[in-house]
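Note sheet for the following structure.
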Amino acid sequence: MVTKKKNIFFSLLKLAPLILLYISVLNSFDFNYVKYLSFNFPFILIYYWSLKRIESLGYGYIFIAGLINDVVIGFPIGITSVNYLLICGFAAYLRNITLRPKLVQDWFFFFFTITVVNSFSYIILSSLLFVEVDYVSLFFNTFFTFIFYFIFAHLFRIYQKTIFQEQND
Amino acid sequence: MEPSRDDFIIAIRSAFLKKGTQQRFSLIFLLFFSFLLLFLGKYNFNQLNYLRIALNEIVYRSSFIVSIPENLVINSYKKAKDHYFLYRDYDFIKEKLNNLESEKYNIDFLIAENKRLRNTLEEVNYLSDEQIAKVLIDKESPFLRSIIINKGSKNNIQKGMAVLHNNYLVGKVIEVNFTTSRVLLLSDLNSKTPISIEPGDIQAILSGTGKKEATIQYTKDNLSISNGSIVYTSGTGDLYKAGIPIGKIFEKDNKKKVDFFADFDQLRFVKVSNYKKESD
């Protein structure tokens, strides 16, 4: 009985990135309590796990998470999925070309990724779908997402080492 | 050794076309599917609307449940803060109440006089059909200011209905599902409301900024709008009835802005109103 409970708990722990992704999109978790201080937690989560261990998330689940996020924040259906999948694409590309991963390299490539993805999303939203988006908020959101990646990457790495017994960079 | 162009293409191809272990779909397929959804959504493809309504119903309820712990923390913090400032607020409210009580008699007289004059002029009076709705999701996204309420087409909610909090206008219904609806707040960048500024009966458009204040558009520069002037709905375009209070004018960075009467962070229950002309 105890072993069974332990197994269920361990399975849930293994699914933590996916559960966290769904909670963060359903709750639109962005720590938006202080002026301009908001960050896109799903971006950090998706980029990190696409880069280090894509089996923990899966593209299909990421796509559905994007649809849910669109419904919660009221954006046209599909736009967040495109953003999330593009992040997966950039992360997969970096994974393919990197032999010896380094956190700082991942971090700066993350900045490049979210800048491209947010710019792309801004252009699509404002010029094709005619949804006005506050450019300044988007700029600060991108900046703080970049800053917070460093902190969350460390936390995720500790979790990854503990649960999956993997050594990354 | 410098990476060649071929390496770059191989890495891109592998990233977007290759299915990883335990992956059912490739990235390129899902990206294509997302773009298809966007395209169909843009051209109001009917089947997509059904998908959207079904998704809305499930996601709004799930989101409400998932938000409970966070809301609990936020509400506890707000309650603690309210308790801390209780005495100061009590004194302030007591003084305000005294002032309001004295003004009320004047207002009662003006309302009666206004009604009599309207009847004389045969102006259209409005009947309101109001419903109280609970706010299910109140996520202040930096990009979109909207709330989800627990009333939908089942409760005869229709697009365009006015949403009020303590008799102050907060927004309008923009999306209706079976048991839920989305309300676009006045503070959203995409919100435009015809207004009348008193004193002076200045007609303008109130435009949301995505922040806590709003800006005034389409007024002549030489019009004098003084700080403290009150902003009401103008009733133009039959969007809302005229005279619903919205906010107060103040100046920021040499520009006239509107400070909303309603606190959009404190919306727990709102009133959804459908104004009909009395003759209807």
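Assorted remarks:
- Using the Cβ-Cβ distance between A:Phe108 and B:Val73 with R0 set to 35 Å, the FRET efficiency from 1/(1 + (r/R0)^6) comes to roughly 0.55.
- As a proxy for reagent exposure, ranking A:Ser81, B:Ser187 by other Cβ atoms within 10 Å from fewest up yields B:Ser187, A:Ser81.
- Between B:Glu103 and B:Gln266, the contour length at 0.36 nm per residue exceeds the Cα-Cα span by 56.0 nm.
- Between helix B:27-42 and chain B there is an angle of about 30 degrees, using the helix long axis and the longest principal axis of the Cα atoms.
- Modelled FRET efficiency - R0 60 Å, B:Lys248 with A:Tyr61, Cβ distances, 0.05 increments: 0.80
- When each of B:Glu57, B:Glu101 is scored by the number of other beta-carbon atoms lying within 10 Å, the sequence from fewest to most is B:Glu101, B:Glu57.
- Average Cα contact separation per residue, chain B, under 8 Å, 6 or more apart, as relative contact order %: 16 percent
- As a proxy for reagent exposure, B:Lys104, B:Lys257 were ordered by neighbouring Cβ count within 10 angstrom, fewest first; the result is B:Lys104, B:Lys257.
- Taking label points 7 Å from Cα along the Cα-to-Cβ direction, B:Ser26 and B:Lys94 give a separation of 7.5 nm.
- Greater than 23 Å apart at Cα, pairs in B:Lys159/B:Lys241; B:Lys115/B:Lys256; B:Lys42/B:Lys154; B:Lys42/B:Lys192; B:Lys94/B:Lys252; B:Lys42/B:Lys134: B:Lys115/B:Lys256; B:Lys42/B:Lys154; B:Lys94/B:Lys252; B:Lys42/B:Lys134
- Compactness of segment B:129-277 - radius of gyration and Dmax, Cα, Å: 15.0, 49
- Rounded to 10°, Cα long-axis angle of helix B:86-121 versus longest principal axis of chain B: 70 degrees
- A Förster distance of 51 Å, applied to the separation of the beta-carbon atoms of B:Ser224 and B:Asn49, puts the FRET efficiency at 0.60.
- Helix A:16-26 and the long axis of chain A differ in direction by around 30°, with both axes built from C-alpha atoms.
- One decimal place: the segment B:Gln203-B:Gln217 gains 4.1 nm when fully extended, by the rule 0.36 nm per residue minus the C-alpha distance.
A short reminder: the numbers here are calculations on the coordinates, not readings from a lab. As the structure is a computational prediction, the values presented were derived from the model and not from experiment. Every residue, glycine among them, receives a Cβ derived from its backbone with ideal geometry; neighbour counts consider all protein chains shown.
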